[in-house]
Amino acid sequence: MSITYLEAIREAQARALAEDPRVFIYGQDVGAFGGAFKATKNLAEEFPGRVIDSPISEDAIIGLAIGAAIDGMRPIVEMQFADFSAVGFNQVINQAATLYWRTRVPCPITIRLPAGGTSGSGPFHSQNMEAIYAHYPGLVVMTPATVEDAYHMLLEAVAIDDPVIFCEHKYLYYHLKADKLPGDAMPTGKARIAREGRDLTIVAYSAMVHEALAVAEELASEGTEIEVVDLRSVKPLDTDTVMASVARTGRLLCVGEAWPWGGVTAEVMARVAGEGFGLLDAPPQRLNAKDTPVPYHPNLWAAHRPTARSIATAARNVLRL
Amino acid sequence: MVQTVASTKAGALVSTFRDEYTKAFRWMLLARTLDDKFAGLYRAGKIHGGVFLGRGQEALSVSVGLALRKGDVFAPLIRDQAGRLAFGEPILDAVRTYLGSTLGPMRGRDGNIHRGRPREGLLPMISHLGAMIAVVNGILFARRLRNISGVVGAASIGDGGTSTGSFHEAINLAAVEKLPLVLIVANNQYAYSTPTSRQFACRDLVDKAIGYGVDSHTVDGTDLSACLEVVGEAVKCAREGHGPQMVVARLLRLCGHGEHDVADYVDPELKQSPVGRDCLKVAEEHLLQQGWADARTVELWRSEMVQKAEDAVATVQREPVPDPYEEDWRALSSQRLLEAREERPG
Ligand SMILES: Cc1ncc(C[n+]2csc(CCOP(=O)(O)OP(=O)(O)O)c2C)c(N)n1
Ligand SMILES: [Mg+2]
């Protein structure tokens, strides 16, 4: 048996529903239809009355989840695409994120964001919103890169007492497969060394981890050993693991599929430069998407976001510095 | 659609109504007194940030607080001092939040009318207008999932707040889910300085209910009898399973938007019109007319309320205020997910 990243997300939700009566799923087309990506396939049937179609009202969907959480439930809401969470943004950052701090009443909601670019999706079905959510205090932002993490981190998201933004990468939905559902996983908050190396650290998360791994493989044939750090969650951001890796390699390239201004790569760079300047043998570098909306055409899309090719070029650059 | 037209007819159970009315009046009086106290403290420079009063809206607000019961949910907004008190919010919560006492529910982290006790069904408003309605929906939805019935959730909104996308999404969702939501729309003729002519183009806000498939009620917000009756009826309908109810009250904001605002933009003709009546005065006259209280009793009540407000302020003024060095600067409840750098400075 093999299981995809998408199936792992479905399985995690099935398990959460089975194990915890407080869990329910609310979102557009998530019921009998099984969701736009089929992440809730058959769940409405298996768990009657607990996987419910909502109107197209992102603000009211997230607001509803917050109210249900206040009342002791563990809602999972699916945004049809991460991009549309912009319409529910206010409820996330001003209501959910502030509730515990203001009142000591936690807000255990999980907001699933099908995120990231796929060919042909264009400006409004491709966005990466992790940085914008991570900017706000009171939120946990997960960016799983593997089938194992998609499964375990989603279960953890439901169990966590704080609001969790779960960024699941649409490109990985079908491309990524594991042999079976994993038994064990690292806890959220710990980054993972996806590949060991001693010449350069590439810090990445979500789909970019796989581009970085491809680069590490390619450069290995040239005798360069690249260490790839998978952040797993961007908030909390595991600075210790990043710093320890940079201490080993002396060089840093940070890669993100999101836009360059501010964001996760900038945060990693700032932390490493600020707290680990002495560890660096070369100026740290970063690579992001271009600073335009995400283009539709595959020719443009492939050039817009970092790929193994552009990362390899950037990596060679850092190694020459 | 149920169109309940306000009537001041007290109904058959005169003595019950008289008790209800008297109780409501006393809460209104306390709310007004407390509001006046906050206004005074603001002018004396004793309050940080804004002060927002419910002057002129006490009759409507108190009717909501009284129609709800334990286990219900209430999401008040900025002009709901009366409703909060009637719903059960301790007077000290208001004073502590305005003065920033660490013993209050918000502990200096949030101020003035941004306060509540979510676990007790009193939602702490965020400033963003329209945003609380969906949260009430969520609590009602959760109760239904757990097969708990007979619960009502009330949310306040102003004429201005009805123009938000949040309002639209939440009332529509409540209608789709047939939730026992009571939406209390206080049309006080202004949103800050903006008159209703710049806010909506329908004949009356109550007409919006038709589009959502929601039952509606209109009421003269200056008339306590009418408010008690109409709001009570709306809450009863929701409780009995008739789905969301929208109550639109006509009244006038008898103060600035906040105490910083002299509100010279308010049309003097409106002030002179029936909509500009002071609901507290109207209620007092009614009490006297009906012989439910005499002038001396009302005076006694008034000094009782002044005493309550003074006592609460005197108590809170001796309470601790937040200390940035003692403050736990963390926004997550999950300690293990806090980044080391967010931890308390050493
Ligand atoms: C979404 C949003 N936009 C703007 C504001 C700023 N604001 C606060 S109160 C207010 C006027 C509200 O008018 P209304 O809804 O009629 O309530 P009222 O003050 O009359 O009770 C405005 C514009 C806000 N709080 N929220
Ligand atoms: Mg108004």
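For the interface of chains B and A, what total accessible area is buried with a 1.4 Å probe, rounded to the nearest 100 Å²?
Its buried surface, counting both partners, is about 3900 Å².
When all protein chains stay in place, what accessible area (Å², nearest 10, 1.4 Å probe) is found for B:Cys237?
10 Å²
Tally the DSSP beta bridges in the stretch B:143-286 and give the antiparallel ones as a percent, rounded to 5. Intermediate results must be reported in sequence, preceding the final value.
On the way: 2 of 20 bridges.
That works out to approximately 10 percent antiparallel.
Quick one: Karplus J couplings for the stretch B:300-316, per residue in order, coefficients 6.51, -1.76, 1.60, θ = phi - 60°, nearest Hz, x for Gly and Pro?
With the stated coefficients, the stretch B:300-316 comes to 4, 4, 4, 6, 4, 5, 4, 4, 4, 5, 4, 4, 4, 5, 4, 4, 5 Hz.
Using square roots of five times the C-alpha gyration tensor eigenvalues, list the equivalent-ellipsoid semi-axes of chain A in whole Å, biggest first.
Over the Cα atoms of chain A, the semi-axes work out to 33, 20, 18 Å.
Would you please give the residues with an amide H less than 5 Å from that of A:Arg251, counting only those at least 5 places away or on a separate chain, with H modeled from the backbone geometry?
Amide H to amide H, under 5 Å and 5 or more residues apart or across chains, A:Arg251 pairs with A:Thr201, A:Asp281.
Let me know the Kirkwood hydrodynamic radius for the protein assembly as shown, please, with Cα pairs as the basis and the value in Å to one decimal.
27.0 Å
Per residue of B:108-119, count partner chain C-beta atoms within 10 Å of its C-beta, then hand back the mean as an integer.
Mean partner shielding for this stretch: 3.
On a C-alpha basis, how far is the centre of the stretch B:279-301 from the centre of the stretch A:74-121 in Å? Whole number, if you could?
Centre-to-centre distance over Cα atoms comes out at 51 Å.
For the full complex of protein chains and a 1.4 angstrom probe, list B:His286, A:His135 by accessible area with the highest value first.
Ranked list, largest accessible area first: A:His135, B:His286.
Excluding ligands and nucleic acids, what accessible area in Å² is computed for B:Leu77 using a 1.4 Å probe, to the nearest 10?
Rounded to the nearest 10, the figure is 20 Å².
How shielded is A:97-110 by partner chains, expressed as the average number of their Cβ atoms within 10 Å of its Cβ atoms?
Average neighbour count from other chains, rounded to a whole number: 5.
Enter the mean projected area of the convex hull around the alpha-carbon atoms of the stretch B:142-188, in nm², rounded to one decimal.
Details: hull surface 13.7 nm².
Average of the hull's projected areas for the stretch B:142-188 equals 3.4 nm².
Given the -39500 (n - 2.57) contribution per DSSP H run of 4+ residues, what per-residue ellipticity at 222 nm results for chain A, rounded to the nearest 500 deg cm²/dmol?
The helix-only estimate for chain A comes to -11000 deg cm²/dmol at 222 nm.
From the helices alone, meaning DSSP H stretches of at least four residues, give me the mean residue ellipticity at 222 nm for chain B, per-run term -39500 (n - 2.57), in deg cm²/dmol to the nearest 500.
Helices in chain B give a 222 nm mean residue ellipticity of -13000 deg cm²/dmol.
Taking only the C-alpha atoms, wrap a convex hull around the stretch B:207-282 and report its volume per residue in Å³ as a whole number. Write down the numbers at each step before the final one.
Values: hull volume 9.1 nm³, N = 76.
Measuring per residue, one finds 120 Å³ for the Cα hull of the stretch B:207-282.
What is the stretch A:249-317 by shape, rounded, prolate or oblate, if you read a ≥ b ≥ c off the alpha carbon gyration tensor as root eigenvalues and call it rounded for a/c under 1.5, prolate for a/b larger than b/c, and oblate otherwise?
Oblate is the answer for the stretch A:249-317, as a/c is 1.5 or above yet b/c matches or exceeds a/b.
Once you've got the Cα coordinates, tell me which of B:Lys23/B:Lys236; B:Lys236/B:Lys281; B:Lys46/B:Lys308; B:Lys236/B:Lys308 are over 24 Å apart.
With Cα atoms farther than 24 Å apart: B:Lys236/B:Lys281; B:Lys236/B:Lys308.
Which sequence of B:Arg107, A:Arg22 reflects their accessible areas, 1.4 Å probe, from the largest down?
The most accessible residue leads, giving A:Arg22, B:Arg107.
With a sphere of radius 11 Å drawn around the Cβ of B:Asp72, what net charge do the other residues whose Cβ falls strictly inside it have (Lys, Arg +1; Asp, Glu -1)?
+3
Quick check on packing: order B:53-64, A:141-152, A:27-38 by the mean number of other C-beta atoms within 10 Å, highest mean leading.
Per-residue Cβ counts within 10 Å, averaged per peptide and sorted highest first, yield B:53-64, A:141-152, A:27-38.
Counting only DSSP beta bridges with both residues in chain A, tell me the antiparallel percent, nearest 5.
Once the DSSP bridges in chain A are tallied, antiparallel ones form about 20 percent.
Label the stretch A:3-178 by shape, choosing from rounded, prolate and oblate, from the square roots a ≥ b ≥ c of the eigenvalues of the Cα gyration tensor; if a/c is under 1.5 it is rounded, and otherwise prolate applies when a/b is larger than b/c, oblate when it is not.
Verdict is rounded for the stretch A:3-178.
I want the local charge near A:Asp53. Using Cβ-Cβ distances under 11 Å, sum +1 for each Lys or Arg and -1 for each Asp or Glu among the other residues.
Here the count lands on -3.
Given a 1.4 Å probe and heavy atoms of the protein chains only, how would you sort A:Phe84, A:Phe277, A:Phe24, B:Phe200, largest accessible area at the top?
Per-residue accessible area, sorted high to low, gives A:Phe277, A:Phe84, B:Phe200, A:Phe24.
How large is the charge dipole for the stretch A:3-178, taken about the Cα centre, if only the Cβ atoms of Lys, Arg (+1) and Asp, Glu (-1) carry charge, to the nearest 20 debye?
60 debye
At 1.4 Å probe radius, can you tell me the per residue accessible area of the stretch A:25-85 in Å²?
With all protein chains present, the stretch A:25-85 gives 29 Å² per residue.
Taking every DSSP beta bridge with both residues inside the stretch A:192-320, roughly what % is antiparallel (nearest 5)?
Percentage antiparallel, nearest 5: 20.
Distance cut-off 28 Å, Cα to Cα: go down the list A:Lys41/A:Lys180; A:Lys41/B:Lys208; A:Lys177/A:Lys235 and report the pairs above it. Please report the intermediate quantities before stating the final value.
On the way: A:Lys41/A:Lys180 19 Å; A:Lys41/B:Lys208 37 Å; A:Lys177/A:Lys235 25 Å.
Violating the 28 Å Cα-Cα cut-off are A:Lys41/B:Lys208.
Could you name the aspartates and glutamates whose alpha carbon sits less than 15 Å from that of A:Lys38, not counting residues in the same chain fewer than 8 places away?
Within the straight-line cut-off, A:Lys38 pairs with A:Glu7, A:Glu11, A:Asp29, A:Glu46, A:Asp53, A:Glu78, A:Glu168.
Write down the radius of gyration of the stretch A:192-320 and its Dmax, each obtained from C-alpha positions, in Å.
13.7, 43
Could you pull out every residue, at least 5 positions away or on a different chain, whose amide H is within less than 5 Å of the one on B:Ala154? Hs are placed 1.01 Å off N in the peptide plane, and Pro or chain starts have none.
Those qualifying (amide H under 5 Å, at least 5 residues apart or on another chain) are B:Val73, B:Phe74, B:Ala75, B:Val182.
Could you list which residues have their amide H under 5 Å from that of A:Ile52, counting only those 5 or more apart in sequence or on another chain, with H placed in the peptide plane?
A:Ile25, A:Tyr26, A:Gly27
Considering only protein heavy atoms and a 1.4 Å probe, what is the carbon-and-sulfur percentage of the accessible area of the stretch A:3-178? Can you show the working numbers first?
Numbers: 2870 of 5030 Å².
Ligands and nucleic acids excluded, carbon and sulfur reach 57 percent.
Roughly speaking, to the nearest percent, how much of chain B's 1.4 Å accessible area is carbon and sulfur?
Carbon-and-sulfur percentage of accessible area, whole number: 51.
Could you work out which residue, out of B:Thr218, B:Thr16, B:Thr33, moves most in a Gaussian network model of chain B, that is, has the largest mean-square fluctuation with Cα springs under 10 Å?
Sorting by GNM fluctuation, first place goes to B:Thr16.
Ignoring ligands and nucleic acids, what accessible area does A:Glu196 show with a 1.4 Å probe (Å², nearest 10)?
Here the accessible area works out near 150 Å².
Considering only protein heavy atoms, what per residue accessible area in square angstrom results for the stretch B:104-211 with a 1.4 angstrom probe?
34 Å²
Treating the beta-carbon of each Lys and Arg as +1 and of each Asp and Glu as -1, no other charges, what is the dipole magnitude of the protein assembly as shown about its Cα centre, to the nearest 20 debye?
Its charge dipole is roughly 500 debye.
Where Rh denotes the Kirkwood radius from the mean inverse Cα pair distance, what is Rg over Rh for the stretch B:2-341?
Across the stretch B:2-341, the Cα-based Rg/Rh ratio is 0.97.
Within 10 Å of each Cβ of B:173-186, how many other protein chain Cβ atoms are there on average?
Mean inter-chain Cβ contacts per residue within 10 Å come to 2.
How do the peptides B:160-169, B:242-251 rank, highest first, by the average count of neighbouring beta carbon atoms within 10 Å per residue? Don't jump to the answer; show the numbers that get you there.
On the way: B:160-169: 21.0, B:242-251: 25.0.
Packing order, densest peptide first, comes out as B:242-251, B:160-169.
Using a 1.4 angstrom probe on protein heavy atoms only, which residues from the stretch A:61-81 are buried by at least 30 Å² of accessible area when all chains are present rather than their own chain alone?
Those are A:Leu64, A:Gly67, A:Ile70, A:Asp71, A:Met73, which lose 30 Å² or more relative to the chain on its own.
The values are calculated or read from the model by the stated rules, or taken from the named source; none is laboratory data. Quick caveat, the model's predicted, so the values are computed rather than measured. Cβ atoms come from the backbone with ideal geometry, glycine included; neighbour counts cover every protein chain shown. The accessibility values were calculated without ligands, DNA or RNA, using every heavy atom of the protein model including side chains. Shrake-Rupley method; radii C 1.70, N 1.55, O 1.52, S 1.80 Å.
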